[in-house]
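Colleague: Handing you this structure, nothing more for now.
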Amino acid sequence: MSPEELHLQMRNMRDDDYPQLKELMDSVYDDIGGAWEEHTIRKLINEFPDGQICLEDGGKIVGVALTVKVTYDRFSNPHRYDDLLGKKETILNEKEGDALYGLDVLIHPDYRGYRLGRRLYDARKELCMQHNLKAILAGGRIVNYHKYAKELTASQYLEKVHRREIYDPILTFQLANDFSVKRLLGKYLPEDKKSKGYATLLEWNNFLYEASDSFMTSRSRNVRVGAVQWQMREVESVEQMLKQVEYFVDALSSYKSDFALFPEFFNAPLMGLTDQSQQMDAIRFLAGYTERFKKEMSQMAVSYNINIITGSMPLQEGDSLYNVSYLCRRDGSVEEQRKLHITPHEKSDWVIEGGDKVAVFQTDAGRVGIMICYDVEFPELGRLMAEEGLEILFVPFWTDTRNAYLRVRHCAQARAVENECYVVICGSVGNLPQVESLDVQYSQSSVFSPSDFAFPHDAVMSETTPNTEMLMFSDLNLDELKYLHNEGSVTNLKDRRTDLYDVSRKFNF
């Protein structure tokens with residue numbers, strides 16, 4: 001049969017499909033008893049219609065997938081096929097079950113070779129995600145094992161199939177469809193002579209699953225990030241600058257943004273209020289305002305219902321000075337991330353020291369991290385954050401020339417690709433000759449994504465006009481990251497050769 005002759009349609013099964021189902025099951029399962037009784041199938045269709053799927057070609061059923069709901073904790077442990085059965089050959093379907101159990105997948109012999117089984121498995125996966133269930137479980141026959149039983153144990157047989165040294169029509173297919181072997185089941189189906197009674201307990205995990213106790217309060221799939229491409233301008237007081245900050249927070253909140261990002265050292269114009277003949281004294285003067293900015297921006301986060309990444313500000317502790325960014329959550333809590341890698345200018349002119357910790361923070365809109373400018377040029381930090389479930393990386397920066405900006409931009413985009421996360425960079429613009437070190441600014445704020453089909457072709461979600469004060473917004477779908485991590489064209493996080501290399505850490509998150 002040529003593909004041009006096929007007219008395939010997928011649908012849920014009906015009661016009147018039983019005669020065709022019986023014919024198909026009798027032909028495929030002739031070695032283990034053939035078809036289920038009609039009352040068994042009718043009960044299954046009536047109790048869980050979504051789980052009974054068929055493919056038909058011009059009205060002829062050519063493929064079937066039968067499925068029930070079960071309790072994950074029960075059936076992810078050793079069991080037998082009879083544990084799925086009730087009285088009078090009925091199949092037990094748990095209405096409140098938290099996992100799917102794959103009973104049967106059958107393809108008509110004349111229609112094999114068209115990957116119809118994959119279609120049915122994909123439909124099951126979609127069903128699992130739609131119903132917010134933990135996983136798909138299945139007991140898989142190992143139908144070629146009888147050919148090797150005299151020379152191999154069942155476990156050895158599984159290992160050789162996994163290494164593709166032996167082909168098993170069911171297990172090989174299951175492994176190719178992202179199922180993993182959880183354990184070997186003995187006496188699963190005693191009458192299955194081809195499998196010698198053995199079966200594999202197979203599992204596919206729903207990477208979008210949300211536990212029932214948190215499902216109603218879990219974060220939205222879509223997160224809106226906003227950034228302020230900040231104009232450096234002269235100010236006469238700290239109150240004037242805080243009003244400017246609040247203006248932008250208000251604007252971002254009005255557009256329902258979940259996050260507001262400010263640039264590195266965005267409040268540096270306040271150094272113009274003091275004598276700048278000694279830069280060390282000027283930066284410490286600026287540090288004197290940090291606690292106030294932290295407190296007032298935290299209050300803004302609560303008042304305007306938005307999570308704020310405060311750019312960065314100098315923080316003085318004793319004789320030491322640090323460059324620090326605060327995450328002000330809209331619930332009133334505050335976290336901090338200190339810049340770890342200090343530029344030559346910061347070291348020599350301001351005597352800033354590097355921090356010693358990096359963290360990934362849980363928010364109501366995803367797991368986020370912060371790298372201040374130069375930090376994004378060191379890939380080890382992104383690797384460590386990715387291992388902790390990073391979804392959005394915020395990078396407040398301050399660059400004076402275009403080549404300095406491009407260093408930050410290109411490294412930030414690399415972090416997005418290699419760590420399969422979103423990266424938001426935000427800088428300041430304008431010239432302020434009256435303030436030492438602020439005479440030149442260059443910036444183009446941007447949002448970068450991983451590089452795959454679900455994202456823009458150039459992996460740029462949004463970007464501003466260079467060197468112009470403005471707001472930037474971008475809507476990020478966090479579930480697209482989960483799809484990418486598990487089913488992307490490439491899967492960087494899964495495919496790292498940790499048997500050959502790893503990033504060691506000398507601190508705890």
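The values are calculated or read from the model by the stated rules, or taken from the named source; none is laboratory data. Predicted model, so just to flag it, every value in this text is computed and none were measured. Cβ: placed from backbone, ideal geometry, glycine included. Neighbour counts: every protein chain shown.
Colleague: Give the range 308-359 a look and list any residue that's among the hydrophobic types (A, V, I, L, M, F, W, C) and within 33 Å of the chain's Cα centre (by Cα), or say none.
Modeller: I308, I309, M313, V324, L327, C328, V334, L340, I342, V358, A359 - these are the residues of the range 308-359 that are among the hydrophobic types (A, V, I, L, M, F, W, C) and within 33 Å of the chain's Cα centre (by Cα).
Colleague: Conditions: (1) closer than 24 Å to D168 by Cβ; (2) outside any loop (DSSP other than H, G, I, E, B); (3) not aromatic (F, W, Y). V143 meets all but one. Number of the miss?
Modeller: The number of the failed condition is (2).
Colleague: Does R284 fit the bill of being touching a Pro at 6+ places or on another chain (Cβ under 9 Å) and farther than 24 Å from I425 by Cβ?
Modeller: yes
Colleague: Go through T498, T464 for me and flag whichever is in contact (Cβ under 8 Å) with a residue 24 or more places away in the chain and of a type in the set (V, I, T).
Modeller: The conditions single out T464.
Colleague: Within the bounds of the range 421-441, is there any residue that is crowded, with 19+ Cβ neighbours inside 10 Å, out of contact with any helix residue (DSSP H, G or I) (no Cβ under 8 Å at 6 or more places or on another chain), modelled with pLDDT under 95 and assigned to a loop (DSSP other than H, G, I, E, B)?
Modeller: Among the residues of the range 421-441, at least one is crowded, with 19+ Cβ neighbours inside 10 Å, out of contact with any helix residue (DSSP H, G or I) (no Cβ under 8 Å at 6 or more places or on another chain), modelled with pLDDT under 95 and assigned to a loop (DSSP other than H, G, I, E, B), which makes the answer yes.
Colleague: Looking at this structure, is E264 out of contact with any Gly (no Cβ under 9 Å at 6 or more places or on another chain) and among the charged types (D, E, K, R)?
Modeller: Against the criterion (out of contact with any Gly (no Cβ under 9 Å at 6 or more places or on another chain) and among the charged types (D, E, K, R)), E264 does not qualify.
Colleague: Checking the condition in a loop (DSSP other than H, G, I, E, B) and surrounded by fewer than 19 Cβ atoms within 10 Å (Cβ to Cβ), which residue from D475, D458, D479 passes? Before you say what the answer is, go through the steps one by one.
Modeller: On the way: D475 fails: in a loop (DSSP other than H, G, I, E, B); D479 fails: in a loop (DSSP other than H, G, I, E, B).
Being in a loop (DSSP other than H, G, I, E, B) and surrounded by fewer than 19 Cβ atoms within 10 Å (Cβ to Cβ) holds for just one of D475, D458, D479, which is D458.
Colleague: Could you list all residues from the range 24-41 that are loosely packed, with under 13 Cβ neighbours inside 10 Å and modelled with pLDDT of 90 or more?
Modeller: D26, H39 - these are the residues of the range 24-41 that are loosely packed, with under 13 Cβ neighbours inside 10 Å and modelled with pLDDT of 90 or more.
Colleague: Under 8 Å by Cβ, and 6 or more places apart or on different chains, what pairs join a residue from the range 325-343 that is assigned to a loop (DSSP other than H, G, I, E, B) with one that is of a type in the set (D, E) and surrounded by fewer than 20 Cβ atoms within 10 Å (Cβ to Cβ)?
Modeller: Listed pairs, sorted by first residue: R329/E335; R329/D364; R330/D364; D331/D364; L340/D356; H341/E377; I342/E353.
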